[in-house]
Amino acid sequence: MKRIGILTSGGDASGMNPTIRAVTRYAIYKGLEVVGFYEGFKGLIENNCVTLNLNSVGGIVDRGGTILYSARSEFFKTREGQLKAIENLKKNCIDGLVVIGGDGSFRGAHDLHLQGVKVVGIPATIDNDIPGTDYSIGFDTALNVIKDLISKIRDTATSHDRIFVIEVMGRSSGIIAVNAGLACGADYILIPEIEVDLIKIAEAIRKHREGKRHILILVAEGAAKAEDVASSIKLLVGHEVRVSVLGHIQRGGSPSALDRILSAQFGEKAIDVLLEGKSDCMVAIQGTEIKIVDFDYVFENRKDVDRNLYNLAHILSL
Ligand code: ATP
């Protein structure tokens, strides 16, 4: 192995930049050359790339987003698109590819593997919904961003005796909502995995409001629309309800210390995996250990929300 490629794909996650830095610098330390492809698989198809050296990844350890940019490419899912990508990998003499992204990106990487390309994935998605790894890059930063935003909302909620419905990301998974809810002391958490009865929540809020000057209801975007929840609660409780949809702010910001450390560990492991001749797998953290998990495991499993954390958040909000 002499020359590797690297790309960031799917939804951006804070921590992708320190990951690019770690992969590049560790690869160079191991005697490899590194080529960065812009905009994920799209850049692979368009041969839009740049040679990365020690300096090109300088000053990015604390920057959110990704200097290689990200994109979604439907064309890459076709045979024609993948053949073009492989042609460009050959043209650039790439012996191994590091794909930084979520499970969709890993499916793309798996397709390349089936056609003879050595690939390794680094899990990076704020949703932290990739099976086989306790954490993915970007989750901790997103949680910290949400924590700071909700602290600000709590200040105004308390001052004005308000009920707030706050929508956080999580189209098909409540993992962000549950962790953020626990960290922020939310009173109720609505997630796609667990059905809730708004009438019961409204009854509880009426009791709950005695002695409390704020009620915070966290809604994962896949569970319900914050506006709809707010109108129902307003109707049932008879009290003013405000809505705050946090939106894309949750993706941005300087990576947290934890995400930067994980980036370094994942970057090192990804290069070691390629140098050992392995492919079709992702790096992962399980407990405190950095491991390798086959893509098959990722595709065949689903990461469930931690129901103990969900229950605990509600017990502690009493
Ligand atoms: P996130 O979960 O943060 O959005 P992701 O990696 O899952 O990240 P996707 O949009 O699902 O994001 O996938 C990124 C890209 O990976 C797609 O635009 C496409 O090019 C490629 N891809 C996704 N699914 C497949 C698939 N089944 N086969 C081949 N390529 C795929």
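Here is the figure for region 75-103: residues that are open to solvent by 50 Å² or more (accessible area, probe 1.4 Å) and under 24 Å from the mean Cα position of the chain (by Cα) total 3. Is region 121-128 home to any residue that is in a loop (DSSP other than H, G, I, E, B), of a type in the set (A, V, I, L, M) and open to solvent by less than 10 Å² (accessible area, probe 1.4 Å)? Yes: region 121-128 contains one or more residues that are in a loop (DSSP other than H, G, I, E, B), of a type in the set (A, V, I, L, M) and open to solvent by less than 10 Å² (accessible area, probe 1.4 Å).
Annotation: of all residues in region 10-33 being open to solvent by 10 Å² or more (accessible area, probe 1.4 Å) and farther than 16 Å from Ser56 by Cα, the one that is farthest from the ligand (Cβ to nearest atom) is Gly31. Within region 103-116, residues that are in contact (Cβ under 8 Å) with a residue 24 or more places away in the chain have Cβ atoms under 9 Å from residues that are more than 10 Å from the ligand (Cβ to nearest atom) and open to solvent by 60 Å² or more (accessible area, probe 1.4 Å) in these pairs: His110/Asp296; Leu112/Lys118; Gln115/Leu83, counting only partners at least 6 apart in sequence or on another chain. Within region 34-67, how many residues are outside any loop (DSSP other than H, G, I, E, B), open to solvent by 40 Å² or more (accessible area, probe 1.4 Å), away from the ligand (no atom under 13 Å from the Cβ) and touching an Asp or Glu at 6+ places or on another chain (Cβ under 9 Å)? Number of matching residues: 1.
Listed here are the residues, each with its yes/no results for (1) open to solvent by less than 20 Å² (accessible area, probe 1.4 Å); (2) under 18 Å from Asp140 (Cβ atoms); (3) not acidic (Asp, Glu).
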| site | (1), (2), (3) |
| --- | --- |
| Ile201 | yes, no, yes |
| Leu246 | yes, yes, yes |
| Gly252 | no, yes, yes |
| Arg260 | no, yes, yes |
| Glu268 | no, no, no |
| Asp272 | no, no, no |
| Glu276 | no, no, no |
| Tyr297 | no, no, yes |
| Asn301 | no, no, yes |
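Taking Ala224 as meeting all but one of (1) in contact with a Leu (Cβ under 9 Å, 6 or more places away or on another chain); (2) farther than 26 Å from Thr125 by Cβ; (3) part of a loop (DSSP other than H, G, I, E, B), write down the number of the exception. With (1) in contact with a Leu (Cβ under 9 Å, 6 or more places away or on another chain); (2) farther than 26 Å from Thr125 by Cβ; (3) part of a loop (DSSP other than H, G, I, E, B) applied to Ala224, the lone miss is (2).
The values are calculated or read from the model by the stated rules, or taken from the named source; none is laboratory data. The structure presented is a predicted model; accordingly, all values stated were derived computationally and were not measured. Note that each Cβ is placed from the backbone with ideal geometry, even for glycine, and that neighbours are counted across all protein chains shown. Side chains are part of the model used for accessible areas, which takes the heavy atoms of the whole protein and leaves out ligands, DNA and RNA. Shrake-Rupley method; radii C 1.70, N 1.55, O 1.52, S 1.80 Å.
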